[in-house]
Amino acid sequence: MVFVESEGFRPEHFVPSGRAPRPQDAVAGLLLHQDGRYIMQLRDSKPEIFYPAHWGCFGGAVEIGETPLDALRRELREEIGFEMPAATRFTQFDFDFGALGYNKVFRIYFEARVPDTAFRAFVLNEGVDVQAFRGEELLTTRRITPYDAFAIWMHMNRRPA
């Protein structure tokens, strides 16, 4: 698959420019539509964010004094106007940015179910688009942030409790 610049992907976003994003502790929502599709955000095409013009999970940085779950609730309110009623912690990735002069950071994934009525009421305040995808379609036909792709793959292949 070849991605074209018209989709927002610009190779210069991945070439060091002195404006590299700063890693921070973060959270992400594996938002599952009531029919099982993953609800994803098409990220803005800005060089100052990680993986511009890629599909990714909604979420963001954990602010000082915030719990990860509170951070996700805040991010979902800000990004799509969604008041998440409940979520379950799914997994956590740890990244060591020591070689770049930064600390270790985490990215915690929470699973949350989204009724169709709530999905239809989303108001996109950040990003370019919001869509729901079947897991296989998402992983094989879209440019996804690598860590989110891995979390979705893990989620799709989890063992029943």
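Here Tyr109, Tyr102, Tyr147 are screened, and the one residue that is closer than 20 Å to Val27 by Cβ, surrounded by fewer than 17 Cβ atoms within 10 Å (Cβ to Cβ) and of a type in the set (Phe, Trp, Tyr) is Tyr102.
Considering Ala61, Ala118, the condition of being surrounded by 13 or more Cβ atoms within 10 Å (Cβ to Cβ), of a type in the set (Gly, Ala, Ser) and closer than 26 Å to Lys46 by Cβ is satisfied by Ala61 alone. I'd like the residue in the range 67-96 that is among the acidic types (Asp, Glu) and surrounded by 16 or more Cβ atoms within 10 Å (Cβ to Cβ) and, out of all such residues, is nearest to Phe110 (Cα to Cα). It comes out as Glu75.
Throughout, read-outs are computed from the coordinates displayed, never taken from laboratory work. Just so it is clear, the model here is predicted, and its values are computed rather than measured. Every residue, glycine among them, receives a Cβ derived from its backbone with ideal geometry; neighbour counts consider all protein chains shown.
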